[in-house]
Amino acid sequence: MICDVSVTNRIKRTKGQMQGVLNMMENGAPCEEIVTQLKAIKSSIEKAIALVTTNNLIQSIEDENHIKVTNVNQAINLIIKGM
């Protein structure tokens with residue numbers, strides 16, 4: 001599967017967020033702030049999963065049917081927002 005650059009960038013940002021949470025924990029940040037950041041990380045990962053899954057589906061359809069799938073960005077965004 002060919003991964004979209006946006007997915008790679010999302011994972012890199014999430015990696016940075018994780019490092020930030022570790023720093024917060026090491027510096028004794030309040031639990032509420034840590035949980036807030038962890039929820040943001042969780043959301044980012046869930047969106048990355050949705051993007052990888054939908055991109056894989058599109059690539060599979062294109063490969064199996066020798067066609068180019070177009071005009072699906074609106075549907076993909078709707079799926080991702082619903083997560």
Exercise for the section: Collect the residues in segment 42-83 that are in contact with a Ser or Thr (Cβ under 9 Å, 6 or more places away or on another chain) and closer than 23 Å to Lys12 by Cα, keeping them in residue-number order. Expected result: Ser44, Ile45, Ala48, Leu51, Ile76, Ile79, Ile80, Met83
Problem - Residues that are under 17 Å from Cys3 (Cβ atoms) and either in contact with a strand residue (DSSP E or B) (Cβ under 9 Å, 6 or more places away or on another chain) or surrounded by 10 or more Cβ atoms within 10 Å (Cβ to Cβ) (or both), drawn from segment 73-83 - result: Ile76, Ile80
Practice task
Using the structure shown, decide if Ala48 is touching a residue at least 12 places away in the same chain (Cβ under 8 Å), within 21 Å of the chain's Cα centre (by Cα) and more than 25 Å from Ile2 (Cβ to Cβ).
Solution key: no
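Each row is one residue, and each column tells you yes or no for (1) charged (D, E, K, R); (2) in contact (Cβ under 8 Å) with a residue 40 or more places away in the chain; (3) surrounded by fewer than 11 Cβ atoms within 10 Å (Cβ to Cβ).
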| position | (1), (2), (3) |
| --- | --- |
| Arg13 | yes, no, no |
| Met18 | no, no, no |
| Glu26 | yes, no, yes |
| Leu38 | no, no, no |
| Ile41 | no, no, no |
| Val52 | no, yes, no |
| Ile58 | no, no, no |
| Asp63 | yes, no, yes |
| His66 | no, no, yes |
Practice task
Considering only segment 1-25, state which residues are touching a Leu at 6+ places or on another chain (Cβ under 8 Å), under 16 Å from Ala50 (Cα atoms) and at pLDDT 95 or above.
Solution key: none
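The values are calculated or read from the model by the stated rules, or taken from the named source; none is laboratory data. It should be emphasised that the depicted structure is a prediction, and the values quoted were computed from it without experimental measurement. Every residue, glycine among them, receives a Cβ derived from its backbone with ideal geometry; neighbour counts consider all protein chains shown.
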